[in-house]
Amino acid sequence: MKLLPGNICFAMCMSSGLSRDQRARLRRRFLGFVFQGYNLLARTSALENVELPLLYRGESAAARREAARKALASVGLVGWEKHTPAELSGGQQQRVAIARAIVTQPAVLLADEPTGNLDTQRSREIMDLLTTLNVERGITLVMVTHEPDMAAYARRVVRFVDGCIESDQAKASPAPAPAAAEVA
Amino acid sequence: MLLNSLLLALREIRRNLLRSFLTILGIVIGVSAVITMVTLGNGATQSVQDQIAGLGSNLLMVRQGQRQGPGGPGSPAFKEVDAEAIATQIGGVKVVAPEVHAAVTVIANGRNWTTNVTGSTNAYFVTNNWKVATGRIFSEEELQAGAAVCLIGETLRRELFSTAPALGQQLRVKQFSCEVIGILVAKGQGAMGNDQDDTVLVPLHTLQRRVTGSLKVSNLLVSMQDNTDSEHLKASLTQLLRERRKLATADDNNFNILDTKQIADTLSGTTKIMTTLLGAVAAVSLLVGGIGIMNIMLVSVSERTREIGVRLAIGALEREVLLQFLIEAVALAALGGLIGVVLATGASIVLAMVMGVPYLFNLAINLLSFAFSAGIGVVFGFMPARRAAQLNPIEALRHE
């Protein structure tokens with residue numbers, strides 16, 4: 001089955017009608033990204049990595065530093081600000097990546113297998129962190145995962161098989177939890 | 001944003017210190033070569049002009065004979081009255097010095113030295129830019145009477161008297177002794193490589209009566225007033241001399257007029273052309289340096305594809321990525337330019353010393369080379385920067 005070009009409706013904009021720069025502004029304003037491979041800038045401190053999105057928003061150096069410190073604190077990395085990715089464990093790197101994604105206070109966090117490179121213990125910690133962000137800050141989380149354990153955190157699970165939607169289940173859960181897309 | 005980009009760029013340069021250094025080496029060499037060549041060229045031009053100025057400024061040298069060389073046979077010598085006639089009858093003339101030369105051996109202080117004796121008037125100090133270091137110039141009585149007095153050049157003073165006082169001593173010139181009444185300020189090497197300070201100056205009448213034994217004058221040195229049209233003056237000078245020498249309309253001039261300004265222009269024109277040529281050759285190496293920067297920036301872009309992907313994903317605009325890489329290229333090139341300027345200053349000072357030309361700091365060429373190197377950064381950084389900015393963020397993130 002071949003992937004077909006489509007259209008995404010987001011923040012009252014149709015993605016197909018937007019220019020590259022308009023899409024970039026949309027990402028900058030509303031979206032946060034978390035990747036499986038962290039994608040932190042090498043040889044750059046955790047703090048500077050988290051500051052990066054704010055740089056493109058044109059915020060002052062002092063404001064950037066302050067916001068980045070707070071974001072790192074909220075993912076539990078106080079005292080690790082000066083460390084470069086090479087000096088951090090996988091779980092810590094993913095926390096830095098999450099801090100980078102939420103430092104701009106996005107409406108939606110897109111997570112592409114955020115726990116794919118982590119062991120079970122670290123995975124749980126990351127999922128708990130993401131759930132907390134969802135609950136406490138009201139950030140919508142859209143996550144792609146292969147792991148049913150991680151998908152279980154979600155309120156709504158959409159299952160894809162070979163690019164086709166197989167099922168779409170909304171779970172009645174006592175506590176609000178992030179949405180997830182599970183790829184089988 | 002601009003400041004941020006600059007800081008980012010500097011961090012990137014520091015991150016790959018060795019590579020950055022090798023990248024800008026071409027620019028460093030190019031800039032320092034251009035500046036050094038031009039600075040030394042200007043120094044050489046200056047030194048030529050200084051030597052010509054030593055001949056006398058705004059000077060016309062009137063010599064007998066048709067060609068520029070020793071007076072040909074049959075052409076009558078000048079007389080002292082010719083000099084007076086020129087001074088009184090032609091406008092725009094400051095002074096006229098009649099001049100007679102003789103090569104003689106002089107003796108003083110128990111040593112002897114072969115030198116050139118010049119007989120002239122006090123006008124000679126003006127026409128040939130001679131200044132008196134110690135002592136005085138000739139008095140009117142000494143000039144009229146042909147008194148046994150002389151001024152000597154620095155070389156002669158050194159060779160004959162070394163540390164002993166020269167003023168008031170007797171100098172033996174051929175059969176007569178004359179008193180040293182003055183020492184001339186050293187002028188150094190002349191335009192033709194001769195030592196101008198190896199000279200003795202005596203009153204014209206003294207030389208005519210006691211050495212050459214005739215009333216002939218070999219050259220007339222005409223010093224023009226400032227801002228005088230030398231062509232016009234030369235024309236009236238030619239006309240006057242033709243009349244005085246009773247030449248028929250059909251006759252060729254049996255004298256020639258040498259304009260030192262022309263010699264100066266010709267010589268300094270030659271060195272200026274050399275300077276331009278050398279500078280142009282050096283500029284080519286700047287261009288090669290620019291290509292080196294483009295090469296490394298392209299490598300850097302493909303190496304940092306994922307980084308660019310991350311930046312685009314978190315909302316960097318195309319032009320922001322473009323700016324980042326462009327500024328990086330410009331910062332590299334400008335840094336190279338800066339190092340080049342510093343290096344060139346050192347090299348110019350040392351080489352100027354070795355070559356014996358004056359070191360003249362030329363602000364224009366330093367600024368120009370620096371600006372040009374930064375411009376090279378813009379030109380050769382643009383293509384790699386645009387390539388980075390136009391990356392597809394999704395593909396860039398997948399890039400291994």
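The values are calculated or read from the model by the stated rules, or taken from the named source; none is laboratory data. Worth saying up front: this structure is predicted, and the values here are computed from it rather than measured. With ideal geometry, Cβ positions are generated from the backbone for all residues, glycine too; neighbour counts draw on all protein chains shown.
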(request) Among the numbered conditions (1) in contact (Cβ under 8 Å) with a residue 24 or more places away in the chain; (2) under 24 Å from B:LEU8 (Cα atoms), tell me where A:ARG65 comes up short. (result) (1)
(message) Just to verify a result, which residue in the range A:38-48, among those that are within 22 Å of A:THR145 (Cβ to Cβ) and out of contact with any strand residue (DSSP E or B) (no Cβ under 9 Å at 6 or more places or on another chain), is farthest from the other protein chains (Cβ to nearest Cβ)?
(response) A:TYR38
(request) Please give the strands (runs of 3 or more DSSP E) falling wholly within the range B:106-181 in which 1 or more residues are of a type in the set (Ser, Thr, Tyr) and under 27 Å from B:VAL62 (Cβ atoms). (result) B:111-120
(request) Could you tell me whether any residue of the range A:73-93 is under 21 Å from A:LEU141 (Cβ atoms) and assigned to a strand (DSSP E or B)? (result) no
(request) Sort out which residues of the range B:341-400 are within 14 Å of chain A (Cβ to nearest Cβ), part of a helix (DSSP H, G or I) and surrounded by 15 or more Cβ atoms within 10 Å (Cβ to Cβ), and write them in order of number. (result) B:ARG386, B:ALA388, B:ALA389, B:PRO393, B:ALA396, B:LEU397
(request) Identify, by number, the condition in (1) under 20 Å from B:LEU60 (Cα atoms); (2) surrounded by fewer than 18 Cβ atoms within 10 Å (Cβ to Cβ) that B:GLN196 doesn't meet. (result) (2)
(message) Six or more apart or on different chains, Cβ atoms under 8 Å: show the pairs whose first residue is in the range A:7-31 and more than 8 Å from every other protein chain (Cβ to nearest Cβ) and whose second is surrounded by 15 or more Cβ atoms within 10 Å (Cβ to Cβ) and in a helix (DSSP H, G or I).
(response) A:PHE10/A:LEU26; A:PHE10/A:PHE30; A:ALA11/A:LEU26; A:ALA11/A:PHE30; A:CYS13/A:LEU26; A:SER15/A:ARG23; A:LEU18/A:LEU26
(request) Please find, among B:GLN49, B:GLN68, the residue that is out of contact with any His (no Cβ under 6 Å at 6 or more places or on another chain), part of a loop (DSSP other than H, G, I, E, B) and either at pLDDT below 85 or within 14 Å of chain A (Cβ to nearest Cβ) (or both). (result) B:GLN68
(request) Collect the residues in the range B:310-340 that are free of Cβ contacts under 8 Å to residues at least 40 places away in the same chain, within 14 Å of chain A (Cβ to nearest Cβ) and of a type outside the set (Lys, Arg), keeping them in residue-number order. (result) B:ILE314, B:GLY315, B:ALA316, B:LEU317
(message) Can you tell me which residue is farthest from the chain's Cα centre (by Cα) among those in the range A:50-59 that are of a type outside the set (A, V, I, L, M, F, W, C) and more than 9 Å from chain B (Cβ to nearest Cβ)?
(response) A:GLU59
(request) Output the residue which, of all residues in the range B:268-282 that are of a type in the set (A, V, I, L, M) and crowded, with 17+ Cβ neighbours inside 10 Å, is modelled with the lowest pLDDT. (result) B:ALA282
(message) When you scan the range A:51-70, do you find a residue that is acidic (Asp, Glu) and either part of a loop (DSSP other than H, G, I, E, B) or under 25 Å from B:ARG15 (Cβ atoms) (or both), even just one?
(response) yes
(request) Give the residues of the range A:94-122 that are in a loop (DSSP other than H, G, I, E, B) and polar (S, T, N, Q), sorted by residue number. (result) A:THR104, A:GLN105, A:THR115, A:ASN117
(request) Look through B:LEU326, B:LEU338, B:LEU312 and report the one residue that is assigned to a helix (DSSP H, G or I), closer than 16 Å to A:LEU52 by Cα and among the hydrophobic types (A, V, I, L, M, F, W, C). (result) B:LEU312
(message) Whether any residue in the range B:285-302 is within 27 Å of B:MET61 (Cβ to Cβ) and in a helix (DSSP H, G or I) is what I want to check.
(response) no
(message) Every residue in the range B:85-103 that is surrounded by fewer than 17 Cβ atoms within 10 Å (Cβ to Cβ) and in a strand (DSSP E or B), please.
(response) B:LYS94, B:HIS101, B:ALA103
(request) List the number of the failed condition for A:THR84; all other conditions in (1) within 12 Å of chain B (Cβ to nearest Cβ); (2) more than 26 Å from A:SER123 (Cβ to Cβ); (3) among the β-branched types (Val, Ile, Thr) hold. (result) (2)
